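The values are calculated or read from the model by the stated rules, or taken from the named source; none is laboratory data. It should be emphasised that the depicted structure is a prediction, and the values quoted were computed from it without experimental measurement. Virtual Cβ from ideal backbone geometry, glycine too; neighbours counted across all protein chains shown.
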Number of protein chains: 2
Amino acid sequence: MDEFTLIETFFKTETLPRPDVLLGIGDDAAAIGIPPDKCLLVSTDTLVSGVHFLPEWDAYDIACKAVLTNVSDMVAMAAEPCWLTLALTLPALDKKWLGRFAKGLFDSLHAWNIALIGGDTTQGPLAISMTILGVAEPQSVVKRSGAKPGDVIFVSDPLGAAALAIHVLEKQAVAANDRAVMMQALLHPNPRGDLIPFLRQYASAAIDISDGLSTDLNHICEASAVGACLFEADIPLHPLLQKYAPKEALSLALSGGDDYALCFTVPALKQESLMKALKTAGLVCYPVGFIEENLSVFIENKDKQRRPLQARGYSHF
Amino acid sequence: MDEFTLIETFFKTETLPRPDVLLGIGDDAAAIGIPPDKCLLVSTDTLVSGVHFLPEWDAYDIACKAVLTNVSDMVAMAAEPCWLTLALTLPALDKKWLGRFAKGLFDSLHAWNIALIGGDTTQGPLAISMTILGVAEPQSVVKRSGAKPGDVIFVSDPLGAAALAIHVLEKQAVAANDRAVMMQALLHPNPRGDLIPFLRQYASAAIDISDGLSTDLNHICEASAVGACLFEADIPLHPLLQKYAPKEALSLALSGGDDYALCFTVPALKQESLMKALKTAGLVCYPVGFIEENLSVFIENKDKQRRPLQARGYSHF
């Protein structure tokens, strides 16, 4: 057995048995049975070393982050994540690294009941590209394009902790507990699978906040041909922002990225029943503004002064 | 519009409209309708610059090769390729390169009636990872694992031309016509979609020859828990092998790789009717040996001497 085969065997052993996987890893393609009443959701995300993660990170965390950012895309469509392919490009065969990576991979996949169904291992600069597949009833898929003027904009979680990790950890001393919180936010995003039923029932549009609320809300507005206004005082700031970066707190929450929280819109008439339903479930989401008819996106401060909210999140080039 | 969005828009404009694409590029995930009587086939392939292609190649050819090697995986399962996601990692935004790449991408996709449904563009060392999705009736999927002792081994095309391109083009003078033939084989593999109906009706197992016949036949034997014997005299050598590399001809045909021809097995009782059916369709495939009970893979020369056929195709590490 050559080393190449060894890797594939390594990834093959721990994959979750799902009855809908008709043919798993080890052939030219995997075969899957899709329930006849469901449609298939497909999303691809790439993480490049030095861009999306640092090569010195524990490979366990790199794998978790890769899986969870992909899961986040399924959750944002209100779809159930089911299967994943992994394209792993490695500079060299480092068995210790691979062991940690595989552990993180399977821990994350098992937590979400996702089967690894295939992939490709190649030699080259470290990068991970995953394609995640999920299912949903066609009528319950939540798109970016359904926001309407008057809809309330919600955010699922306090924002900015992952961006804060990047912003402060190299520059200043941080209490060990706080460092752990920031690194957890950066390395182990928490896709809000628990909100899927609420999205299906209440949301007119949704997106996951990967590039920052400002950029991702702009995506909803572009896709829906609407504008929006956020209220500065309502943006849920992660508590550590005030402690470690009070001046940049709002900017990190709006444009820092890497939150993997949800931003979604809800028709105003449904807001009250959503809030009740969330409360009953012991959950909280944050209303942060409104969808408007004009195509601009603004943020309004406590003095009711508006300024344009530019899409200033992460850009690759 | 930032440059990142520009790229996505660039790839969005030319994608093929397929009625089964419920939601295409531009949301957190694409949504697809799968026919209720079909299963889904999924395969991922990565091409890394300097490993699978040279950065100085025309980006048109790089895109074609990436698409066609992915299509080849669907054909080897006897599945119909339908949709594709593209994870493109680029060192910098080179619009001329991107234009050529997009042209090659869409030319190849349109030729196969495949819709680009999503992907990811990231900054980093040049690499292309694609996930191809296809459909087939579950009972007509052809796996690697169905070969039985006594089955005849077939190869779909003369082998070795792509490997010959790599072997000779830098070392010796080659006539312009011959160079064009070799480069065509290397850059524009020709997945045998025309053989899909024959695979479904006759084949017990199939694989596409990406790593070389020796390696890929070994994959069939491992998956099927059988052995095999090839007849040296029956291996279809590409005619240019004799002309430019007579000494290495057999070795290039067996282990050179990059052929993207099919290797498939057919129960002996069905051989005659397959040969007739192929002839009626104006097609040719090459019987090259037999599946055997013992687990070893041999090649037999014209003096009936056997030697082990080692899996000596491309290995990444």
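Which of the residues that make up the range A:167-193 are exposed (fewer than 14 other Cβ atoms within 10 Å of the Cβ) and either touching a Gly at 6+ places or on another chain (Cβ under 7 Å) or closer than 18 Å to A:D73 by Cβ (or both)? Even if it seems obvious, please write down each step before you answer.
Of the range A:167-193, the ones exposed (fewer than 14 other Cβ atoms within 10 Å of the Cβ) are A:170-173, A:175-177, A:180.
Passing the criteria: none in range.
Given (1) buried (at least 21 other Cβ atoms within 10 Å of the Cβ); (2) of a type in the set (A, V, I, L, M, F, W, C); (3) within 17 Å of the chain's Cα centre (by Cα), identify the lone condition not met by A:A136.
Every condition holds for A:A136 apart from (3).
Considering only the range A:189-211, state which residues are among the small types (G, A, S) and in contact with a Leu (Cβ under 6 Å, 6 or more places away or on another chain). It would help to see each step written out before you state the result.
From the range A:189-211, those among the small types (G, A, S) are A:193, A:203-206, A:210; that's our starting set.
Once the filter is applied, which keeps residues that are among the small types (G, A, S) and in contact with a Leu (Cβ under 6 Å, 6 or more places away or on another chain), the range A:189-211 yields only A:A206.
Could you grab me the full set of residues in the range B:83-98 that are in contact (Cβ under 8 Å) with a residue 12 or more places away in the chain and not polar (S, T, N, Q)?
The answer is B:W83, B:L84, B:L86, B:A87, B:L88, B:L90, B:P91, B:A92, B:L93, B:W97, B:L98.
Just one of A:D20, A:D28 is free of Cβ contacts under 8 Å to residues at least 40 places away in the same chain, more than 24 Å from the chain's Cα centre (by Cα) and within 30 Å of B:C263 (Cβ to Cβ); which is it?
Step by step, each of A:D20, A:D28 is checked, and only A:D28 is free of Cβ contacts under 8 Å to residues at least 40 places away in the same chain, more than 24 Å from the chain's Cα centre (by Cα) and within 30 Å of B:C263 (Cβ to Cβ).
Specify the residue that is modelled with the highest pLDDT; the eligible residues are those in the range B:87-101 that are within 26 Å of A:S49 (Cα to Cα) and touching a helix residue (DSSP H, G or I) at 6+ places or on another chain (Cβ under 6 Å).
Only one residue fits best here, namely B:F101.
Counting just the residues of the range B:206-222 that are polar (S, T, N, Q) and more than 11 Å from the chain's Cα centre (by Cα), which one comes out nearest to B:L250 (Cα to Cα)?
B:S214
Return the residues of the range B:46-68 that are crowded, with 22+ Cβ neighbours inside 10 Å and under 17 Å from B:I114 (Cα atoms); say none if nothing qualifies.
Of everything in the range B:46-68, those that are crowded, with 22+ Cβ neighbours inside 10 Å and under 17 Å from B:I114 (Cα atoms) turn out to be B:A63, B:C64, B:K65, B:A66, B:V67.
Scan the range A:106-118 and give yes if some residue there is farther than 23 Å from A:G33 by Cα, assigned by TED's automatic domain parsing to the domain that holds A:A223 and out of contact with any strand residue (DSSP E or B) (no Cβ under 9 Å at 6 or more places or on another chain), otherwise no.
no
For residues that are at the interface with chain B (Cβ under 10 Å from one of its Cβ atoms) and in a helix (DSSP H, G or I), scanning just the range A:194-217, find the one that is surrounded by the most Cβ atoms within 10 Å (Cβ to Cβ). Outline the logic, then answer.
Within the range A:194-217, the first condition is being at the interface with chain B (Cβ under 10 Å from one of its Cβ atoms), and the residues that meet it are A:205-208, A:210-211, A:215-216.
Subset that is in a helix (DSSP H, G or I): A:215-216.
Values: A:T215: 24, A:D216: 26.
By that ranking, first place goes to A:D216.
Could you grab me the full set of residues in the range B:124-145 that are facing chain A (nearest Cβ under 7 Å) and assigned to a helix (DSSP H, G or I)?
Selection gives B:P138, B:R144.
Within the range B:100-120, is even one residue farther than 23 Å from A:M74 by Cα and within 7 Å of chain A (Cβ to nearest Cβ)?
No, because not a single residue in the range B:100-120 is farther than 23 Å from A:M74 by Cα and within 7 Å of chain A (Cβ to nearest Cβ).
Filtering the range A:256-304 down to residues that are exposed (fewer than 12 other Cβ atoms within 10 Å of the Cβ) and basic (K, R), which residue is farthest from A:P191 (Cα to Cα)?
Here the answer is A:K304.
I'm told A:W83 meets every condition in (1) under 30 Å from A:A206 (Cα atoms); (2) part of a helix (DSSP H, G or I); (3) within 14 Å of chain B (Cβ to nearest Cβ) except one. Can you identify the failing condition by its number?
Against the list (1) under 30 Å from A:A206 (Cα atoms); (2) part of a helix (DSSP H, G or I); (3) within 14 Å of chain B (Cβ to nearest Cβ), A:W83 comes up short only on (2).
In the range A:45-63, which residue that is outside any loop (DSSP other than H, G, I, E, B) and at pLDDT below 95 is farthest from the other protein chains (Cβ to nearest Cβ)?
A:F53
With the requirement that a residue be at negative phi and outside any strand (DSSP E or B), what does the range A:109-123 give you?
Those that are at negative phi and outside any strand (DSSP E or B): A:L109, A:H110, A:A111, A:W112, A:I114.
Considering (1) closer than 18 Å to B:T131 by Cα; (2) facing chain A (nearest Cβ under 8 Å), say which one B:T69 fails and leave the rest.
Unmet condition: (2).
Would you mind stating whether A:K148 is in contact with a helix residue (DSSP H, G or I) (Cβ under 9 Å, 6 or more places away or on another chain), of a type outside the set (V, I, T) and either within 14 Å of chain B (Cβ to nearest Cβ) or not in a strand (DSSP E or B) (or both)?
yes
Quick one: is B:N113 in contact with a Lys or Arg (Cβ under 8 Å, 6 or more places away or on another chain) and more than 15 Å from B:I7 (Cβ to Cβ)?
yes
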